[in-house]
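Presented below is the structure to which this report refers.
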Amino acid sequence: MPTAKAQRGGEPIRIAIAGTGNIARVHAKALAAVTAGNAAAIIVAGCDVDAARLSAFCETFRIPSAYRDLGDLIRQERPGLVHVCTPPSTHYEQALTCLGGGSSVLVEKPPTISLRELDELAAAQAASGPDAPPWFATVFQHRFGSGQRRLKSLIARGLLGRPLVAVCQTTWFRDQEYFDVPWRGRWDTEGGGPTMGHGIHQMDMLLDALGDWTEVSAVARTQARRMQTEDVSLAHVVFASGAVASVVNSVLSPREETYLRFDFEFATVEVTHLYGYDDDDWRITPAPGHERDVLTAWKRAETGTPSGHAAQFGHVLSALRAGRLPPVSPADGRRTMALVAAIYASAAGRRPVTPDDLAPGTPFYGQMNGT
Ligand SMILES: NC(=O)c1ccc[n+]([C@@H]2O[C@H](COP(=O)([O-])OP(=O)(O)OC[C@H]3O[C@@H](n4cnc5c(N)ncnc54)[C@H](O)[C@@H]3O)[C@@H](O)[C@H]2O)c1
């Protein structure tokens, strides 16, 4: 049986999927798309505590081995990579099991339900040294579509000028039945409501483009659903660059839309979509006098990749095969998780919050509801 570390280079990476519910199907299909026609990876095993769901999943996706316990799976199969698709409160333990068994791990968002857990996983990953597996990465798939990568390349080349104002809107709709699933809408199992569970994707794109935030003022309320956490949050975010952003995270919005808008000195860049974008969902509007430079660079930049799991998996598998830390690393994901914690801390305390307010030992470092 090959070990996790022996799978780099020519051999396919042996992948296991832990949790065989809704998003696991997206993972299995995306892996099939990414590995079609090449031998980059194979799914060798699935794992779920629900035996019926596990066997149906393995049968559908022709996965040869099924396990009820992740520790057993790791010991028997020695996967090079485990995709963790279980509910959020289990991510920490599952990722520790993977890293402890020598397997790299790609965890669905949110990576953990607290900053403390995320920092502990970063430390567990670091135990093998910065350049050696096993590694820990988080699924934030909207960083990897060509629209976002095109925006980032123009920012990096200074073609858009200073970022000034941004809007980040997750106005989605989830009915009561959705939140009646036992692990949803609870602090101990989901780590929050739409701020943590839904808007986190868009806030991750916002921060991926604009960098470090320095201050957050927020309101969070439970307006219409029976749930322990908020069903809507609103935030004003100040960035280290001086840019400011307005953020809405709602699951109460019958006309659903995902909207990000970036106003730079030399252009406005917008994307309007719902659960995934392609190139046609992006618009760029140059400021007067900047039409030629901005539009030429935009047309010449990367195109053709919709956002989605397949886009991120391609980057993850390439990194693993090259013996590099895969994206999104714990350090990269932490900025987004800290923004989520800051929104909850600001809303609860009714005051602006800075990163220092979330230092180890502070209430919102340990749990997203600060208790
Ligand atoms: N990236 C995205 O766009 C996206 C979209 C939806 C969900 N998600 C995330 O994916 C994760 C799973 O969500 P879902 O909607 O697929 O949930 P789900 O409830 O449909 O599936 C979770 C599965 O995990 C299994 N499970 C629970 N505890 C387990 C354990 N200890 N060991 C093995 N299996 C266990 C359950 O039996 C279930 O089959 C969550 O973190 C969620 O936030 C991400």
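The values are calculated or read from the model by the stated rules, or taken from the named source; none is laboratory data. Only a predicted model underlies this, so the values are computations on that prediction, with no experimental measurement involved. Every residue, glycine as well, gets a Cβ built from its backbone with ideal geometry; the counts of neighbours run over all protein chains shown. Side chains are part of the model used for accessible areas, which takes the heavy atoms of the whole protein and leaves out ligands, DNA and RNA. Shrake-Rupley method; radii C 1.70, N 1.55, O 1.52, S 1.80 Å.
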So Ser89 passes all but one of these: (1) touching a strand residue (DSSP E or B) at 6+ places or on another chain (Cβ under 8 Å); (2) of a type in the set (Gly, Ala, Ser); (3) under 27 Å from Ala331 (Cα atoms). Which condition number does it fail? (1)
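Determine whether the range 209-230 contains at least one residue that is assigned to a helix (DSSP H, G or I), at pLDDT below 95 and open to solvent by 10 Å² or more (accessible area, probe 1.4 Å). Can you show your working first?
So in the range 209-230, the residues assigned to a helix (DSSP H, G or I) come out as 209-210.
With at pLDDT below 95 added as a condition, the list becomes none.
Within the range 209-230, none of the residues are assigned to a helix (DSSP H, G or I), at pLDDT below 95 and open to solvent by 10 Å² or more (accessible area, probe 1.4 Å).
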Take the range 271-323 and flag every residue that is of a type in the set (Ser, Thr, Tyr), open to solvent by 60 Å² or more (accessible area, probe 1.4 Å) and part of a helix (DSSP H, G or I). Ser318
If you go through Ile63, Ile13, Ile23, Ile74, the only one that is more than 15 Å from the ligand (Cβ to nearest atom) and at pLDDT 95 or above is Ile13
Residue hits (the range 324-353; farther than 16 Å from Ser114 by Cβ and assigned to a helix (DSSP H, G or I)) are Ala331, Asp332, Ser346, Ala347, Gly349
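Conditions tested, residue by residue: (1) basic (Lys, Arg); (2) open to solvent by 20 Å² or more (accessible area, probe 1.4 Å); (3) under 20 Å from the mean Cα position of the chain (by Cα).
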site: Arg78; (1), (2), (3): yes, yes, no
site: Pro87; (1), (2), (3): no, yes, yes
site: Val107; (1), (2), (3): no, no, yes
site: Ile113; (1), (2), (3): no, yes, yes
site: Arg116; (1), (2), (3): yes, yes, yes
site: Pro130; (1), (2), (3): no, yes, no
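Scan the range 162-193 for residues that are among the polar types (S, T, N, Q) and under 18 Å from Glu257 (Cα atoms) and report the count.
Of the residues in that region, 3 qualify.
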Candidate set: the range 89-101, residues that are open to solvent by 10 Å² or more (accessible area, probe 1.4 Å) and not aliphatic (A, V, I, L, M); chosen: the one nearest to the ligand (Cβ to nearest atom): Thr90
